[in-house]
Amino acid sequence: MTLVQIPLYLKVSNSLKEDILNGIYQVGELLPTEDELQKKFMTSRTTIRNAIGILEREDLVIRKQGKGTVVKEPKTAQNMNYITSFTETLKEKNIMVETGSLTVELINPPQKIATLLNLKKGEKVYLIQRMRITDGIPIAFMSNYILSRFTPNLTDKKNLLREKGLYQILEEEYGLKLHRAVETIEAYNSGPLETDLLQVPEKTPLFHTIRITFLEEGTPFEVVISVIRADKYEYRVYLEGRPPQTHQSF
C-alpha cells in the first residue's frame, strides 16, 4: 500500500492553526513574518504563502498591506443539527450576549406570517423584536412571531427575555416542547435599513434567515426572521454518509 505524503504547506498551515486555536497567537496579533516562518519551518517562501492562504480561506487570519498577517476574531458558529436559540448558541461558546432594544406586543400579523402559521381569521400573535449585542457590537436583529394561544401573558415576560433565551422561557414557563424547525438562509448585502439597525457600512455581508418552528403535534408555532452580520456569525452543517441509492449506474 502506498502512503500519501501530506504536502509541506498543509503541515505548516496545521501547525499555525493549532497555535492560533491554542492562543499562542491572540486575536489582533501579527503572525511571524514570512522570513521568520521560513526559518522556523525550514521551507520556501512559496510554501509559507500557500500555508497562510489556507488560514485566510478558513477565516482565521487576514493579510494587511504594509502590516503583515493578523489573527482574526473567530466567528460564532451555529450547528444546524438542533433547534437552538441565538442566545443559547452564543452562551454555549462562553460569549456574553446582551439585549439592546426590546419590544413585546400582541399584534395582527402580516398575511405572510398568518399563512406560515396557519392562523385562523382574526387570530393574533406575539411579536418579539430584539437587538442582540456582543462586546458592545450589534450583530443581529430578530423578529419572533409566536402563537398567542400557547403563550398567554407573554408581555409580562419582557424582563425575563433580557436574561434568558426565548426557547428556554417557552420550555420553563409554558411547558412547550419544540419538535422540529425548517430554516431558510440567504446571503445579501446591507441596505440603508440594516446599516442603521446594525451600525455597519452599506453593502456589509449579512445573513437573512426565516425559521418556522413546530411543536410535537406538528403545529407551526413560531416564525422568526433574523438579520445577522456574516462577519460575526456562521452556520455549520454536519453531513454523514451517502444517500440511499435508488438506482444502479450502468
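If you go through the range 1-37 and keep only what is out of contact with any Ser or Thr (no Cβ under 7 Å at 6 or more places or on another chain) and over 17 Å from V70 (Cα atoms), you end up with M1, T2, L3, V4, Q5, I6, P7, L10, K11. Counting only residues that are at pLDDT below 90 and at positive phi, which one in the range 77-135 is surrounded by the fewest Cβ atoms within 10 Å (Cβ to Cβ)? Restricting to residues being at pLDDT below 90 and at positive phi, the top hit is N94.
Taking first residues from the range 107-133 that are under 15 Å from R211 (Cα atoms) and partners that are loosely packed, with under 14 Cβ neighbours inside 10 Å, the Cβ contacts under 6 Å between residues at least 6 apart in sequence or on separate chains come to L127/E105; L127/I107; Q129/T103.
If the condition is being touching a strand residue (DSSP E or B) at 6+ places or on another chain (Cβ under 7 Å), under 24 Å from I133 (Cα atoms) and either assigned to a helix (DSSP H, G or I) or among the β-branched types (V, I, T) (or both), then the range 145-169 contributes I146, L154, T155, K158, L161, L166, Y167.
Of all residues in the range 12-23, none are assigned to a loop (DSSP other than H, G, I, E, B), of a type outside the set (D, E, K, R) and in contact with a strand residue (DSSP E or B) (Cβ under 7 Å, 6 or more places away or on another chain). Looking only at residues of the range 170-199 that are more than 17 Å from the chain's Cα centre (by Cα) and part of a loop (DSSP other than H, G, I, E, B), we find that the one that is farthest from E234 (Cα to Cα) is G175.
Taken over the range 116-145, the criterion of being among the small types (G, A, S) and in contact with a Phe, Trp or Tyr (Cβ under 8 Å, 6 or more places away or on another chain) is satisfied by A140 alone.
Taking the condition in contact with a Phe, Trp or Tyr (Cβ under 7 Å, 6 or more places away or on another chain), polar (S, T, N, Q) and surrounded by 16 or more Cβ atoms within 10 Å (Cβ to Cβ), does S148 pass?
yes
If only residues of the range 199-224 that are out of contact with any helix residue (DSSP H, G or I) (no Cβ under 9 Å at 6 or more places or on another chain) and hydrophobic (A, V, I, L, M, F, W, C) are counted, the one that is farthest from N144 (Cα to Cα) is F207.
Note on the range 95-137: residues that are in a loop (DSSP other than H, G, I, E, B), of a type outside the set (D, E, K, R) and farther than 22 Å from V182 by Cα total 6. When R242 is tested against the conditions (1) surrounded by 15 or more Cβ atoms within 10 Å (Cβ to Cβ); (2) not assigned by TED's automatic domain parsing to the domain that holds P109, the lone failure is (1). Just one of the listed residues (T155, T204) is closer than 19 Å to Y233 by Cα, polar (S, T, N, Q) and surrounded by 12 or more Cβ atoms within 10 Å (Cβ to Cβ), namely T204. Taking the range 175-201 as the range and being under 17 Å from F221 (Cα atoms), loosely packed, with under 13 Cβ neighbours inside 10 Å, touching a residue at least 24 places away in the same chain (Cβ under 8 Å) and of a type outside the set (V, I, T) as the test, the residues that pass are K177, R180.
The values are calculated or read from the model by the stated rules, or taken from the named source; none is laboratory data. Computed from a predicted model, the values in this text were never measured in an experiment. A quick note on method: Cβ atoms are made from the backbone with ideal geometry, for glycine too, and the neighbour counts reach across all protein chains shown.
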